[in-house]
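Structure, as structure tokens:
What follows is calculated from the coordinates using simple rules that are stated; it is not laboratory data. It should be emphasised that the depicted structure is a prediction, and the values quoted were computed from it without experimental measurement. Ideal geometry is used to build each Cβ from the backbone, glycine not excepted, and the neighbour counts take in all protein chains shown.
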2 protein chains.
Amino acid sequence: EIAEALRPLAGRPLAGVRVLLTAGPTREPLDPVRYLGNRSSGRMGYALATALSDLGAQVTLISGPTALPMPPVAESIQVETALDMHGAVMARAADCDLFVATAAVADYRPADPADSKIKKDATGLTLHLVRNPDILAEVAALTPAPFTVGFAAETDRVEDYARGKLAAKRLDMIAANLVGGATGGFERDDNALMVFWPNGRRDLPMMDKRQLARELAALIAERYRERHAASA
Amino acid sequence: EIAEALRPLAGRPLAGVRVLLTAGPTREPLDPVRYLGNRSSGRMGYALATALSDLGAQVTLISGPTALPMPPVAESIQVETALDMHGAVMARAADCDLFVATAAVADYRPADPADSKIKKDATGLTLHLVRNPDILAEVAALTPAPFTVGFAAETDRVEDYARGKLAAKRLDMIAANLVGGATGGFERDDNALMVFWPNGRRDLPMMDKRQLARELAALIAERYRERHAASA
């Protein structure tokens, strides 16, 4: 089995591997009109879904609202809120080999969304938010857990926060980028990533998101196959 | 001058009329990644900007973030927040003849947006919001004020709320629609409007937003010319 796992697969190193991948933002309704959102365009996730498919994986894409056309993957599911995404992921997580969480899932949602549009009648408003489930941590804690890849979008101290998440959530890999500056990330065509795993790191420099996705997909395949070779 | 104002203008009843039109949602940042948004697609506003241009108006479009291509108008300005939109509008409002506020401007913004990404570290979060300026009411209160057209997206009691806004903000006209159901509005291609003015009303039934925009533009032109004839 070790020999089989290590055999080169002619450009399709993820042939037969079932991938569950989340992408895009989530939207958390305050009322039927207003929501809490974030700046994830979904571009990196969609490009990675395509790149993993190109390596032979059978990809199920679970996506929040984006303005992008669906990539050519085996299955796609559209969701809106973090709770929707949590439900869609947990229903399928036990049947996947590799879980890639590129979605920018809202950490909080309004505690009590209004059924009708909130009327403005005061000089201020206090909004009570409650924590959403941590989809990535829940999947990584499954027994057995799939090979789990997280993403981190940080505005500062990228390596510290990323390595913190890698350890705290018991991930196999985390891809981190710096957002909020002129350095790529959300709403841009280019991006750069620092990829961390236990005792490892690779930096992928600033490049087009599709090319970056291909390089990251190859790295995920390499680490995935190495872990499976080791545990076989 | 009455005769001139009433003379038919061969399909260009707004020739030479300077229109300022706002469209789309605004986004109110919580931090560099998260924002408070709303479901306005900008479609109705962009279609109305085009329809008013087609009637001869010189249109300046001030738009929040949308996924739409810019319509062929005289000038366009992109903004993000309600404060940005307020600044862009107030800098130009004294020089327009007709102000059309289709934008879904956020009523509230976070009191104290964070410079770096908010870290999640508690089971809940309380968000303090403060009121944004009321752009429509400020423009309608100018002396002299342009002919001012507002929009109202309501989830219930449409006529009551719309007539309330018409009176409270001293508008010349308000176009109201019902959102949040299966009845058109945000994020859809179709829409229906109830249009109110002092002592008047016209209902525009469910139709394609571009056709609806043409009918609404014609009604705005009719009411605009009637007021100018009356005050000449």
Checklist outcome for this item: Scalar couplings 3J(HN,Hα) for the range B:27-42 by Karplus 6.51 cos²θ - 1.76 cosθ + 1.60 (θ = phi - 60°), nearest whole Hz, x for Gly and Pro, are 10, 10, x, 8, 7, x, 10, 9, 8, 8, x, 8, 7, 5, 8, x
Checklist outcome for this item: In vacuo Debye sum over C-alpha of the range A:37-96, base-10 log of normalised intensity I(q)/I(0) at q = 0.17, 0.28 Å⁻¹, listed in q order, is -0.58, -1.29
Checklist entry - Add -39500 (n - 2.57) for each DSSP H run of 4 or more in the protein assembly as shown, then divide by its residues: what number comes out at 222 nm, to the nearest 500 deg cm²/dmol? => result -8500 deg cm²/dmol
Checklist entry - Based on the mean of other beta carbon atoms within 10 Å per residue, what is the order of A:168-176, B:39-47, most packed first? => result B:39-47, A:168-176
Item to check | Inter-copy spacing of A:ARG202 label points, which lie 7 Å from Cα along Cα→Cβ, given in nm from shortest upward | outcome: 6.4
Checklist entry - What is the ratio of the Cα radius of gyration of the range A:124-178 to 2.2 N^0.38 Å, where N is its residue count, to two decimals? => result 1.38
Item to check | Helix axis angle, A:43-54 relative to chain A longest principal axis, alpha carbon, degrees | outcome: 30 degrees
Item to check | 10 Å Cβ neighbours from other chains, averaged over peptide A:127-135 | outcome: 3
Checklist entry - Can you list, shortest first in nanometers, how far A:ALA111 lies from the same residue in the other copies, with each label 7 Å from Cα toward Cβ? => result 1.6
Checklist entry - Where the label is 7 Å out from Cα toward Cβ, how close does A:GLY87 come to the same position in every other copy, in nm, shortest first? => result 4.2
Item to check | Principal axis dimensions, largest first and in whole angstrom, of the range A:15-154 by Cα | outcome: 58, 33, 28
Checklist entry - Can you pull the mean other chain C-beta count within 10 Å for peptide B:63-72? => result 1
Checklist outcome for this item: Taking only the alpha carbons of the protein assembly as shown, the radius of gyration and the largest Cα-Cα distance, Dmax, both in angstrom, are 25.7, 94
Checklist entry - Treating the beta-carbon of each Lys and Arg as +1 and of each Asp and Glu as -1, no other charges, what is the dipole magnitude of the protein assembly as shown about its Cα centre, to the nearest 20 debye? => result 80 debye
